[in-house]
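The structure under discussion appears below in the form of structure tokens.
The values are calculated or read from the model by the stated rules, or taken from the named source; none is laboratory data. Computed from a predicted model, the values in this text were never measured in an experiment. Here Cβ is always computed from backbone atoms with ideal geometry, including for glycine, and neighbour counts include all displayed protein chains. Only protein heavy atoms, including side chains, enter the accessible area calculation; ligands, DNA and RNA are left aside. Shrake-Rupley method; radii C 1.70, N 1.55, O 1.52, S 1.80 Å.
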Amino acid sequence: MTVRAYATSTSCVQGASLGFVLDRPAPVVVTDATDDRVVFEGCASAPRWELDIPTGWRSSLYRARFGPEEPWPFGLPGSAPCPDNEVHFVVRQAVPSSPVLVSVPFTTWQAYNRAGEPGQSIYWTESPTRAARVTFDRPGGGPPPERWEEGLMRWLRRGGYDVAYCSNLDLDDGLDLHSDLDLHSDLDLHGGLGLHGGLGLLSRHRLLIVNGHDEYWSLGMRDAVEEFVRRGGNVAFFSGNTCWWQIRLEDGGRTMVCHRDAVTDPMTAADPRQTTVEWSAAPVNRPENALTGVSFRAGAGAWGPHMPRMLEESYTTRFAAHWVFEGTGLTDGDKFGEGCLGYETDAAEFAEVGGVPRATGGDGTPPSFVILATADLRHWSAYGQGGMATMGVFTSGLGTVFTAATVNWGNGLHDPVVDRITRNVIDRLSATADGGRWDVIGPPADLRALAVLGRTLYAVSADGTLLARELCGQNLPWRPVGPAEGVRGLAVPREAAGGLAVGLYGVTHDGRLLHHDEPGWREVGPAPESAVGLAVADCTFWVATSSGELWRQPFGSGGWEPAGSSGGAVALGGMNGRLFALDSEGRLLTRLPPPVRDDPEWESRAEAVPGTTFTAHAGLVIAAGRGTPLRWRHI
């Protein structure tokens, strides 16, 4: 007969002990589930047995097997579940130090535990016999037969990555699960005193990896992860159907509540924020897109006997020049990752703009979301749910979030492209923050001037055409607006003053100051000849000339005055009352606007600008040049 066992916690810190409950004594073998290494063999007493965790055990997911090995083949949902004599648990780092933290989705495993048995599982929505609350104090609750999480965990071990593990319950800021962590003496990644709860744990790492099928999230889990990102932490969602249901954790985290119905959940009246319905549904109304960038609402699923169809599908590359694809050799339109899509995917609503996808934001996806790859899975409507898959990346506060948007990503790592993308994401997002990276946001174009008006980035091409596109991280194409012959610099005032309206202004090489009025330009007055750049700072126009001079004209004044040296500028810009210049050696220079007849020194920002023209706007520097992609970076 099978030994029935469970652990008293889903995780335990190094150097502590973990309790197990058994229905009878049995031999026990404990292995590291990421590489099958045996770490303990002995005998377990009943009804309770304590396993002392040595301090030398590495942080990982472990499997304790009580009694003989039982068959547990890979299979479809509901077939050959994790045997009742196997108990999975995480060993956490006593002093969190690894740059990467991998979360194990115990809540989703428990939600599917005993699926199909009346009153035993909170799965699935249409089942009238589903449970509204289940306990962790029971056998089962291990990985599903598809082993969605296993591929990535084994890959991380083989690759030698320095990672720590946690149960996803450990991320809940409302649970006091971390009193055994040595947090009080450590500074968090933001230089403050040690934090507690899920945010306290997260703050000791640079990157959180959410892996496989992590469908059930509590309010405390979500709040902690979103705040972690805002403060500068990063998240990689190598997962799909992520954060679909809100749950509540009660009894110290040993009971999981999910009514899936606002009518029957008493919390609807007491605290609607915690009602256990889909995160996007009323009365919660908090789409998971804000956390992940995507949602299963627009995604796809192939279930039951149709699940093998996921092995036929591939992603299509939509932004091959992005850093996520570095070293893959992909070009836009190439297919990759056959078999990694499924059995459920997430997506963001988007519109095609000149053949490039742009997230609409109408579903709650952040405006900074950049679509990297897409898969059209609308034909899956006959197999479960038709929709899309959308791989992407976005920023929130100081942090970055990547999403692979598919449950099966980790089992596609045998594909060299999937392998390289995963390495690119982990290597970049787990590294010490580096604000000096220039990220590609558009294809190469021969441009001679740039400026931003509202959310529109304007440029003048080498053939004298005024171009425009949205200022965003997506690789959108330029669209022609009209002629701009002779224009060598562009600038936009922050506010109207001196009779001049806010708008797009240009300066020509032959000495004219222009204001762009649809559909063309209107001359405002004369300007210094041989201009190479135009800027606005302190309600003043500034012009740099090819002879190295800097000229100024306050708004509403009658003429131009010399203002010293341009620092050898080949392009000029202004932001927040400060002047910026790009010199012929590619250095970014800056200084405050000089008074008349004074010539203070330009200061170098000590970073090379990848191009021959630039503009500065809202804390960003945007650069371009002949044969050079459009790029930006924070200043």
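Points to keep in mind about this one:
- Counting DSSP beta bridges with both ends in the chain, the antiparallel % (nearest 5): 85
- The range 389-411 versus the range 1-16: alpha-carbon centroid distance in Å: 32
- For the range 456-582, DSSP calls about 100 percent of its internal beta bridges antiparallel.
- Exposure of C43 as accessible area (Å², to 10), given a probe of 1.4 Å and all protein chains: 110
- Computed magnitude of the charge dipole of the chain (debye, nearest 20; Cβ of K, R +1, Cβ of D, E -1): 340
- Ranking H205, H196 by solvent-accessible area of protein heavy atoms (1.4 Å probe, all protein chains present), from largest to smallest, gives H196, H205.
- For S59, the solvent-accessible surface computed with a 1.4 Å probe is close to 10 Å², ligands and nucleic acids excluded.
- Cα lying deepest toward the dipole's positive end in the chain, options P128, V91, V277, charges on Cβ: V277
- Going through (1) 25.2; (2) 32.0; (3) 26.9, the figure that equals Kirkwood radius over Cα pairs in Å as computed for the structure here is (3).
- Computed magnitude of the charge dipole of the range 23-177 (debye, nearest 20; Cβ of K, R +1, Cβ of D, E -1): 120
- Shape category assigned to the range 357-404 from the gyration tensor of Cα positions, a/c cut at 1.5: prolate
- Leading residue at positive end of dipole, the chain (Cβ point charges), from V452, A563, A300: A563
- Formal net charge of residues neighbouring G19 (Cβ-Cβ distance under 10 Å; K, R +1; D, E -1): 0
- Taking every protein chain into account, the accessible area of the chain amounts to 38 square angstrom per residue (probe 1.4 Å).
- Across the chain, the mean sequence separation of Cα contacts (distance under 8 Å, 6 or more residues apart), normalised by length, yields a relative contact order of 8 percent.
- Simple rule: put +1 on each Lys or Arg Cβ and -1 on each Asp or Glu Cβ in the chain, find the dipole, and look at T108, G232, Y161; the Cα lying farthest toward the positive end is G232.
- For R92, the residues whose amide H sits under 5 Å from its own are C12, V13, Q14, ignoring neighbours fewer than 5 places away on the same chain, with H placed 1.01 Å from N.
- Relative packing of 289-295, 522-528, 24-30, 577-583, which averages over residues the other C-beta atoms within 10 Å, highest first: 289-295, 577-583, 24-30, 522-528
- Separation of the range 314-377 and the range 480-556, taken as the distance between their Cα centroids, equals 39 angstrom.
- Low-density loop positions, chymotrypsin sites (Phe, Trp or Tyr not before Pro), the range 487-579 - DSSP coil, at most 16 other Cβ in 10 Å: F555
- Gain on full stretching of the segment that runs from E607 to A16 - 0.36 nm per residue minus C-alpha separation: 207.9 nm
- Averaged over residues, the count of other Cβ atoms within 10 Å places the peptides 157-165, 343-351 in the sequence 343-351, 157-165, highest first.
- The range 313-405 shape via C-alpha gyration tensor axes, a/c threshold 1.5: oblate
- Calculated [222 nm] ellipticity per residue, helices only, for the chain: -2500 deg cm²/dmol; basis is -39500 (n - 2.57) per DSSP H run with n ≥ 4, divided by all residues, nearest 500.
- Ligands, DNA and RNA excluded, the heavy atoms of T360 present near 80 Å² of accessible surface to a 1.4 Å solvent probe.
- Computed about its Cα centre, the charge dipole of the range 1-64 is approximately 160 debye, with only Lys, Arg, Asp and Glu carrying charge at their Cβ.
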